[in-house]
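Inspection log for the structure reproduced underneath, given as structure tokens.
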Amino acid sequence: MSYSIFSLVRNAIDYHQNWQKAWRNPDPKREYDVIIIGGGGHGLGAAWYLARDHGITNVAVLEKGWLGGGNTARNTMTIRDNYIRSASVPFHRESMKLWRGLSRDLNYNVMLHERGMITFLQSGSGVSHARRMADTMSVFDSEYIMLPLDELRRRVPFFSDTARMPIIGAVYHRKIAMARHDAVAWGYARAADKRGVDIIQNCEVTGILREGNRVTGVDTSRGVIKAKKIGMAVAGHGSVVAEMAGIRLPLETWPLQALVSTPVKPVLNEIFVVDGFHNYFMQSDKGELVVGGVTDPYPSYAQRGSPQVTEHVIEGLVDVFPVFKRMKFMRQWAGMLDITYDNSPIISGTSLEGFYIDVAGSGGFKTTPVAAKMHADLIANDRPHPLIEEFGLNRFQTGRLLVEGGVDANR
Ligand SMILES: Cc1cc2nc3c(=O)[nH]c(=O)nc-3n(C[C@H](O)[C@H](O)[C@H](O)COP(=O)(O)OP(=O)(O)OC[C@H]3O[C@@H](n4cnc5c(N)ncnc54)[C@H](O)[C@@H]3O)c2cc1C
């Protein structure tokens, strides 16, 4: 059933009793052409692009929990394209382009809306980094502008004049957007299922099977499933799953946390980043303040987050915005980031034939459509699309790294 105003009216007349299930819940088949490990936005997206763009529909997505229950459900939904390397900017800009058409492509409202982002600058090095990024972005025709203090004061009248590290200026990027993270996973799942992809939940991959140097399938908590090709999109578990294939990835896994306050009336439109404290916050559609910051100070797989990071994040927020001092926080959580040594994603074939990886990196919600599309293209054609040529694993051997910031605020 296609979602439209007509289906809404029809189902309203039927008291909403006859909506079809958004996706099936099939048992795994014995064999598929392609298996995607990981039912987050990246994995579900790859399955859908395989089906839509390459006509490969004998595909299963294997998810150890429930779909979209990993980092896709834990992130703070910011979608931005302000990067500095000549390979990163087109990649992220293509993602923005795909985001804009995603609700239409999937026939599912991912609730994309442009919010704009203001980064408060508190040091000379922050200003020079922002200028450098503004210059780079202008080469790519992007609107990323420096805001002098008086203009900033006009737009945001309620920041403190007496912050421990005084605000000396800001940068503004109008196009930065947010989308509803669950809707992204559900939209891809529904669209992929419609094209025949099997989405198999509660199915943990426990081993990668191979003959010689080629994959032949996976061992799972629901038995062996054969496949000619396997794609991995398991943010936060990249090293664990790749190790099953005998591959050691150049990354570390770090927890990142976020917290939300009780809802209040609308006060903020833009997403705010406080450069000196490495934290960021925005107001959700429901009115909650959503606050995030740096990763925990050590690698871990614990999805909790350390109290000292929570404290640091709140300290920075109330120092610059004392107006929020009496807010009550009601929820805190963490997810895990697979952070590469240059802070850029990896979308690549591997030394094992038929095994492909999409490592989302430090801020992979924003890249969901482009990474999934490129991952699917790689699996289908066995060669990297020009857009991701520089995102391969071999850059860690050649030394041609794509060094980006991004392991802290402003993911
Ligand atoms: C607190 C926080 C805030 C963030 N904020 C932002 C942000 O504002 N903007 C941004 O761009 N990014 C942000 N990120 C990063 C972003 O959430 C992730 O990069 C992105 O969601 C990765 O998507 P994914 O589909 O690859 O991973 P996931 O959604 O994590 O999906 C991977 C799936 O693989 C499954 N899996 C793992 N191992 C196995 C196995 N052995 N067998 C089967 N299934 C398996 C997991 O259960 C999981 O569901 C944030 C992350 C966190 C934690």
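Laboratory data are not the source of any read-out in this text; all were calculated from the coordinates shown. What you see is a predicted model; the values in this text were computed from it and never measured. With ideal geometry, Cβ positions are generated from the backbone for all residues, glycine too; neighbour counts draw on all protein chains shown.
Assuming 1.567 mPa s and 4 °C, estimate D for the chain with Stokes-Einstein, Rh taken as the Kirkwood radius over Cα pairs, in µm²/s. Kindly include the intermediate steps, with their values, before the conclusion.
On the way: Rh = 22.1 Å.
The Stokes-Einstein estimate is 59 µm²/s.
Quick check on region 112-258: what are the equivalent-ellipsoid semi-axes from the Cα gyration tensor, as sqrt(5λ), descending, whole Å?
46, 20, 15
Of all DSSP beta bridges located in the chain, what percent are antiparallel, nearest 5?
Details: 49 of 70 bridges.
Counting DSSP beta bridges with both partners in the chain, the antiparallel share is about 70 percent.
Could you let me know the centre-to-centre spacing of region 157-189 and region 215-292, using Cα atoms, in angstrom?
Each part's Cα centre sits 18 Å from the other's.
Take the alpha-carbon positions of region 307-399, form their convex hull, and give its projected area averaged over all directions (one quarter of the hull surface) in nm².
9.0
For each of SER125, SER300, count neighbouring Cβ atoms within 10 Å of the residue's Cβ, then give the residues from fewest to most.
SER125, SER300
What does the helix-only formula give at 222 nm for the chain: each DSSP H stretch with n ≥ 4 adding -39500 (n - 2.57), the total divided by the residues, and the result rounded to the nearest 500 deg cm²/dmol?
When only DSSP H runs of four or more count, the value is -9000 deg cm²/dmol.
Any idea how far the Cα center of region 127-154 sits from the one of region 33-74, in Å?
Cα centres, region 127-154 to region 33-74: 37 Å.
Determine Rg/Rh for region 233-280; Rg is computed over alpha-carbon atoms and Rh is the Kirkwood hydrodynamic estimate from the same atoms. Spell out each step's value before the answer.
Working: Rg = 17.9 Å, Rh = 14.7 Å.
Dividing the radius of gyration by the Kirkwood radius yields 1.22.
Considering only ALA189, ALA380, ALA177, give the residue with the highest GNM mean-square fluctuation for the chain, with springs between Cα atoms whenever their separation is below 10 Å.
ALA380
Are there chymotrypsin sites (Phe, Trp or Tyr not before Pro) in region 47-135 that DSSP marks as loop and that have at most 14 other Cβ atoms within 10 Å, and which are they?
Passing sites in region 47-135 are TRP66.
List the pairs from LYS21/LYS265; LYS228/LYS366; LYS21/LYS64; LYS21/LYS97; LYS194/LYS228; LYS328/LYS366 whose alpha-carbon separation is above 31 Å, in the order I gave them.
Numbers: LYS21/LYS265 35 Å; LYS228/LYS366 29 Å; LYS21/LYS64 21 Å; LYS21/LYS97 29 Å; LYS194/LYS228 22 Å; LYS328/LYS366 29 Å.
Listed pairs above 31 Å: LYS21/LYS265.
If amide H atoms are built 1.01 Å from N in the plane of the peptide, which residues on other chains or at least 5 residues away come under 5 Å of the amide H of PHE365?
So PHE365 has HN proximity to no qualifying residue.
So if I restrict to the alpha-carbon atoms in region 111-179, what is the Rg, and what is Dmax, the biggest pairwise distance, in Å?
Expressed in Å, the Cα Rg and Dmax of region 111-179 come to 12.9, 37.
From Cα coordinates alone, what are the radius of gyration and Dmax values for region 1-121 in angstrom?
Every Cα atom of region 1-121 included, Rg and Dmax give 18.0, 56 Å.
In the chain, which longest range has no GluC sites (Glu not before Pro) that are both DSSP loop (not H, G, I, E or B) and surrounded by at most 15 other Cβ atoms within 10 Å? Working shown, then result.
Numbers: sites that count: GLU143, GLU204.
Longest stretch, sites excluded: 205-411.
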